[in-house]
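Reading through the structure tokens given below for one structure.
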Amino acid sequence: MKFGAPGVLVGLDGKNGDVKVRSGVGNRITRMPVPWEAKFRIGSFTKTFVAATLLQLVGEGRLSLDDTVDHWLPGLVAGNGNDGAKITVRQLLQHTSGLPDYTHFMPWLGDKEKFLTERATTMTPREAMALAMKSAPLFEPGASWSYSNTNYLLAGMIIGAVTGNSWRDEVTRRIIKPLKLDNTSIPGTKTTLPAPHAVGYQRFPGDGATAEDPKFGAEIDATVMNPSWANAAGEMISTVDDTNRFLRALLGGKVLKPAQLAQMRTTVDTDDVFRKILPGVRYGLGIMYVPNSCGGAWTHGGDIHGFKTRNGVTSDGSRSVVVSINTDSPKPDPGVNLPATDLAYDLVNHALCGPDTASAR
């Protein structure tokens, strides 16, 4: 299918039970469907876990959202006009720091041959920060908005500076274990996905382009990858059941104190590219608010090689839905979704705004 998806798994969780549906295949060779309990890379949905962990620390009085980056990571954000003394933790979490995105300086992420050569490579947070600091800031801190993975790379490092533990350990201790997210993991440098899982497919721009797909070539199996480059911006692995449980607990007030949940849900305007993809979208602290046919919902998607995640949860946490797709081919043009992504957003809207349902499969 042009710009389509091999397979999809959808999980809806509500007061009357849960529903799972699936379509397509999890493996194009064997034609097996996506496993019901499939584990997948959640990409940037990791940011919501990281933001919640930082906000727990804020609620404990261990740091302030108005602390500067330099306060916790002195001298790290410096050079070419970047200045950690001018950027706050809040600005990191809401993408108003102006910091350049380090992933824009990693050409192998978007090149098939380079990806196949480099995908097992380990990248440290400081190596990633060195890439970001090669470029001038996009704007003065707080003056505008731009989505940057560098912000959450730093957020993870600040968790480490505050607690003395890695962000992975703190997310595990504070969120994964208390919520019994038994199929959620943070792999670090581990390249494989735990079973069961679908094959994650990826197309790359300009590689073997055809008349049907003029900008992209044939899919490759991108399941095996060292995700350390994504770090606190996108490293985690989970399932639709676990991510639904997390979303409902988060918006239901079971993860954060009321003051910190209110801070998370305090939003700012985004930019033209984001608004084109999601009209009316506003960004909070690691979570987005998107208008829908029944008012609005909270969400944070995730895109990483081989996998795409879309989700939504009601403001009271009473109902949530997670859509996992086993491909993440690039957008055909800036601000333009692949049809599979548009369909995922339609599924989220229907699941949150339609009648609640009883458990079925």
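The values are calculated or read from the model by the stated rules, or taken from the named source; none is laboratory data. Keep in mind it's a predicted model, so treat the numbers as computed, not measured. Reconstructed Cβ throughout: ideal geometry from the backbone, glycine too, with neighbour counts over all protein chains shown.
What to note about this one:
- You will find that of Gly84, Gly79, the residue that is within 15 Å of Pro137 (Cα to Cα) and either charged (D, E, K, R) or surrounded by 19 or more Cβ atoms within 10 Å (Cβ to Cβ) (or both) is Gly84 and no other.
- Residue match in segment 177-195 (condition: among the acidic types (Asp, Glu), on the phi < 0 side of the Ramachandran plot and without any contact (Cβ under 8 Å) to a residue 12 or more places away in the chain): no
- Restricting attention to segment 1-42, the residues that are among the small types (Gly, Ala, Ser), in a loop (DSSP other than H, G, I, E, B) and either farther than 27 Å from Asn226 by Cβ or modelled with pLDDT of 95 or more (or both) total 3.
- Matching residues in segment 33-47 - criterion: being under 21 Å from His305 (Cβ atoms) and surrounded by fewer than 20 Cβ atoms within 10 Å (Cβ to Cβ): Pro35
- Residue within segment 204-221 that is at pLDDT 95 or above and either under 24 Å from Ala120 (Cβ atoms) or buried (at least 16 other Cβ atoms within 10 Å of the Cβ) (or both) present: yes
- When Pro291, Pro258 are screened for being more than 17 Å from the chain's Cα centre (by Cα) and either of a type in the set (Gly, Ala, Ser) or more than 22 Å from Val58 (Cα to Cα) (or both), only Pro291 passes.
- Taking the listed residues Ser238, Ser228, the one that is modelled with pLDDT of 95 or more and within 22 Å of Ser318 (Cβ to Cβ) is Ser238, with no other qualifying.
- Every condition in (1) assigned to a helix (DSSP H, G or I); (2) surrounded by fewer than 18 Cβ atoms within 10 Å (Cβ to Cβ) is met by Pro74 except one, and the failing one is (1).
- Per this entry, Val281 is not counted among residues that are free of Cβ contacts under 8 Å to residues at least 24 places away in the same chain, closer than 14 Å to Ser315 by Cα, of a type outside the set (S, T, N, Q) and buried (at least 17 other Cβ atoms within 10 Å of the Cβ).
- Those helices (runs of 4 or more DSSP H) of segment 104-203 in which 1 or more residues are basic (Lys, Arg) and either out of contact with any Leu (no Cβ under 8 Å at 6 or more places or on another chain) or surrounded by 15 or more Cβ atoms within 10 Å (Cβ to Cβ) (or both) occupy 112-118, 167-171.
One line per residue, one yes/no per condition, for (1) in contact with a Pro (Cβ under 7 Å, 6 or more places away or on another chain); (2) in a strand (DSSP E or B); (3) buried (at least 22 other Cβ atoms within 10 Å of the Cβ):
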site	(1), (2), (3)
Thr243	no, no, yes
Leu247	no, no, yes
Leu250	no, no, yes
Val255	no, no, yes
Gln263	no, no, no
Val273	yes, no, no
Lys276	no, no, no
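One line per residue, one yes/no per condition, for (1) under 21 Å from the mean Cα position of the chain (by Cα); (2) aromatic (Phe, Trp, Tyr); (3) closer than 22 Å to Asp221 by Cβ:
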{"residue": "Gly43", "(1), (2), (3)": "yes, no, yes"}
{"residue": "Phe49", "(1), (2), (3)": "yes, yes, no"}
{"residue": "Gln56", "(1), (2), (3)": "yes, no, no"}
{"residue": "Asp67", "(1), (2), (3)": "no, no, no"}
{"residue": "Gly75", "(1), (2), (3)": "no, no, no"}
{"residue": "Asn82", "(1), (2), (3)": "no, no, no"}
{"residue": "Gln94", "(1), (2), (3)": "yes, no, no"}
{"residue": "Lys114", "(1), (2), (3)": "no, no, yes"}
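Here's the yes/no breakdown for (1) over 26 Å from Met236 (Cβ atoms); (2) of a type outside the set (D, E, K, R); (3) at pLDDT below 95:
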| residue | (1), (2), (3) |
| --- | --- |
| Gly306 | no, yes, no |
| Arg319 | no, no, no |
| Asp328 | no, no, yes |
| Asp333 | yes, no, yes |
| Pro339 | yes, yes, yes |
| Asp356 | yes, no, yes |
